[in-house]
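*Asks:* Please find one structure pasted underneath; my questions will follow.
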Amino acid sequence: MADLNVVTLISIGSHPASGRPRRAEQDARAVELGLQLAGEQLNVLHAGDPQEETLRAYLGMGLPGLTVLEQPREADALPVLTEHLQLVKAQLVLTGTQAETGEGSGMLPYLLAERLGWPLIVGLAEVESVEGGSAQVLQALPRGQRRRLKVRLPFVASVDSAAPAARQSAFGPARRGALEREAVELIDDPLYADAQWQPARPRPKRLKVIKAKTGAERMKAATAKAAGGGGQVLNGVSPQEGAEAIFKLLLDEGVLR
């Protein structure tokens, strides 16, 4: 796959205990997957501050260099990333599922694929093969399941935690690697300027009561794919009736109050 033009997008992470800057875990997995596909020909891209020392943790994975689209935190990264990816004629763009700092909305892969007009693969675990302008990939599903998909190039993929773990970062390559700055047009992000910021809080998960008695039954209950039993199929209803049904469901689930 040496001829495959792979670009991996990276961000600054945050340690869950100390809050100190670090390489983002899922972005590092995306870099690992990119290195397995393209080797040292992998293009690694970051939109932000080129003076950020944390970026060198990615270089320590064996990268000869990475490109930084220089812009402040409050600038909108989406337009400059889109323009750069079109300019370098990327065929496969790898991202993490969700940033560990900033907005952390997880919307970047979706918005990027929409702007580029490319397919989006969510939860990428492995790229099995690339031939004839298409790629065969494995998508991670709940409870350890996998789904094999075939998608045409180019496309965007968010890398799942089921992807290969990132290699350790070595000090020597981290210092030798080059951070190449690239000046870009600064576009303000009105959402960032007007938003009220607060730490994200994990939502409590509902506990599934398992009534199995034997070990085999407990294992089957833990790994079996859950079947939706409380769903409702609406056919031939008006948009107003559909909206009311969705609103009622959100109220019942406690999403809205």
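Since every read-out is calculated from the coordinates, none of them should be taken as a lab result. In this text, all values refer to a predicted model and were calculated from it rather than measured experimentally. In this analysis, Cβ positions are derived from the backbone assuming ideal geometry, glycine residues included, and neighbour counts consider all displayed protein chains.
*Asks:* Calculate one ³J(HN,Hα) per residue across region 106-122 by plugging θ = phi - 60° into the Karplus curve 6.51 cos²θ - 1.76 cosθ + 1.60, and present them in order as whole Hz with x for glycine and proline.
*Replies:* Going residue by residue, I get x, 8, 4, x, 5, 5, 5, 5, 5, 5, 6, x, 10, x, 10, 9, 9 Hz, with x marking Gly and Pro.
*Asks:* Highest mean first, how do 95-104, 175-184, 66-75, 235-244 rank when packing is the count of other Cβ atoms within 10 Å averaged over residues?
*Replies:* Put in order of decreasing packing, that is 95-104, 66-75, 175-184, 235-244.
*Asks:* How far, in nm, would the chain grow between Arg175 and Ala216 when pulled straight, counting 0.36 nm per residue and subtracting the alpha carbon separation?
*Replies:* Using 0.36 nm per residue and subtracting the Cα-Cα distance, I get 9.6 nm.
*Asks:* Next question. What FRET efficiency, computed as 1/(1 + (r/R0)^6) with R0 = 35 Å and r the Cβ-Cβ distance, is obtained for Leu87 and Leu250, rounded to the nearest 0.05?
*Replies:* Once rounded, the FRET efficiency stands at 0.25.
*Asks:* Additional query: Applying 1/(1 + (r/R0)^6) with R0 = 35 Å to the Cβ-Cβ distance of Glu185 and Glu114, what FRET efficiency is obtained, to the nearest 0.05?
*Replies:* Computed FRET efficiency for Glu185 and Glu114 comes out at 0.95.
*Asks:* Let me ask something else about it. Nearest-5 percent of antiparallel DSSP beta bridges in region 103-218?
*Replies:* 75 percent
*Asks:* Taking Cα extents along the principal axes in Å straight from the coordinates, which label in (i) 57, 47, 44; (ii) 62, 43, 33; (iii) 57, 38, 35 is the correct one?
*Replies:* Step by step, Cα extents along the principal axes in Å for this structure corresponds to label (i).
*Asks:* Hey, what number do you get for the chain at 222 nm if only DSSP H runs of n ≥ 4 count, each worth -39500 (n - 2.57), divided across all residues, to the nearest 500?
*Replies:* -8000 deg cm²/dmol
*Asks:* Looking at the chain, send over the antiparallel percent of its DSSP beta bridges, to the nearest 5.
*Replies:* Close to 40 percent.
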